[in-house]
Amino acid sequence: MKSGLIRALIVGASCTVTLVSTAAAQRIDSTRYDGQALRYESYWGSARIIRGADGPLVGTAGWFRSFDVEKLVASSAPARAEARVYKSNSFRASVVGTIGATAAVVGVALSANNSNTASTPILIIGGLGAMAWGAQHLHVAFSALSRSLWWYNRDLARPQLAPLPTPVPVPARETEQGKRNKDAQ
Amino acid sequence: MSRLTPVLFGAQLLIMGATVMAAQESGYDENALRVESRQGNLQILRGIEGTVVARAGIFHPPRLANLVTQSDSALAEAKIFERYYQPGQWIAALGIATLGATIGASRITDINPVIQVSLYATSFAALGYGGNRLHSAYGALSKAIWWYNRDLKR
């Protein structure tokens, strides 16, 4: 009767410990996400990277800005790979888009001043084409940034595995047979 | 048999704990959303596989609210997104069309300069206002997806 009661108590205690530890792990996981998960908002061709729903602005990337997304998401390997795709496409989009916009504006200005030459339509059409090409690369860049932050946030949830402790040599206990052998010697 | 009972019970608890943890992780891998833009079209994708679950059409937003109903905060932001996206697109498109018309009109030699300036002012105002609406919409979209993915982990 007594042993049955003790068994029931042990089972109850283990049940409580398991449930409490699972809940605690979930809470830690959720807190980590709340405090560290990133998102971005596009802002006139740039990407503002924000931590949390209404959290602080971590940095603004794009349009000749030097903010290093790769460094920000360095803790996750897939996120880092996508950040590299973002960086290369964003740079191309910035350069070509700016050249295109400048050409188009010059073309429009020449056209508005009634100083039409043969180069005016070339400037406008070429400029718009370059802007479209730049916009296409900007879309590719933003998609890569979105994937990068998705992977980064995903890997926040993974438990951080602590390194295994180094094994400590434990002296073997001398057996009775060993003692007898030593005495015989 | 009576000795086996606590052992079996303990094993069951361990399995239960492991299942909860695994479900939490696979929940994100399979269900977490993200936004991508393909050929200039806004798309919402789900999970590692990147299944397209919603896409924006011409002048209509992706049906975001239907996707994020599980999370109240995400739903609130999704409604803001759907409210701002469409007017933003329409007004920005109107601004671009007006700008095109203004540039075309500027080639007419005897156009009244007041009309020309008014057309430029209207087109830039429409572009600015539409762009601002779209910016608010994209901000809400980003928050909605953030909240939804966050609540997947709870």
Residue-ordered couplings for the range B:43-58, obtained by feeding phi - 60° into the Karplus form 6.51 cos²θ - 1.76 cosθ + 1.60 and rounding to whole Hz (Gly and Pro as x), are 10, 10, 10, 10, x, 4, 5, x, 5, 6, 10, 7, 9, 7, x, 6
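Figure the gain on full extension for A:W44 and A:A132 (residue separation times 0.36 nm, minus the Cα-Cα span) and round it to one decimal in nm.
Full extension of this stretch gives 30.2 nm more.
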For A:F64, A:F142, ascending order of other Cβ atoms within 10 Å (fewest first) is A:F64, A:F142
Pseudo-spin-label distance B:R38 to B:R63, built 7 Å along Cα→Cβ, given in nm, is 1.9
If R0 = 22 Å, then A:I122 and B:A97, at their Cβ-Cβ distance, give a FRET efficiency to the nearest 0.05 of 0.40
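Provide the FRET efficiency to the nearest 0.05 for the A:T102-A:R65 pair, computing r from the beta carbons and using R0 = 25 Å.
The value I calculate is 0.85.
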Using the Cα gyration tensor of the range B:59-152, the equivalent ellipsoid's semi-axes, largest first and to the nearest Å, work out to 39, 10, 7
Note: B:W90 to B:T51 extended length (0.36 nm per residue) minus current alpha-carbon separation gives 11.2 nm
Per the 1/(1 + (r/R0)^6) rule, R0 = 30 Å and r from the Cβ atoms of B:D29 and A:R84, FRET efficiency to 0.05 is 0.85
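FYI, it's all coordinate maths here, none of it is from the lab. Note that the structure is a prediction, hence the values are computed from the model and not measured. For neighbour counting, all protein chains shown are included, and Cβ atoms are generated from backbone atoms with ideal geometry for every residue, glycine included.
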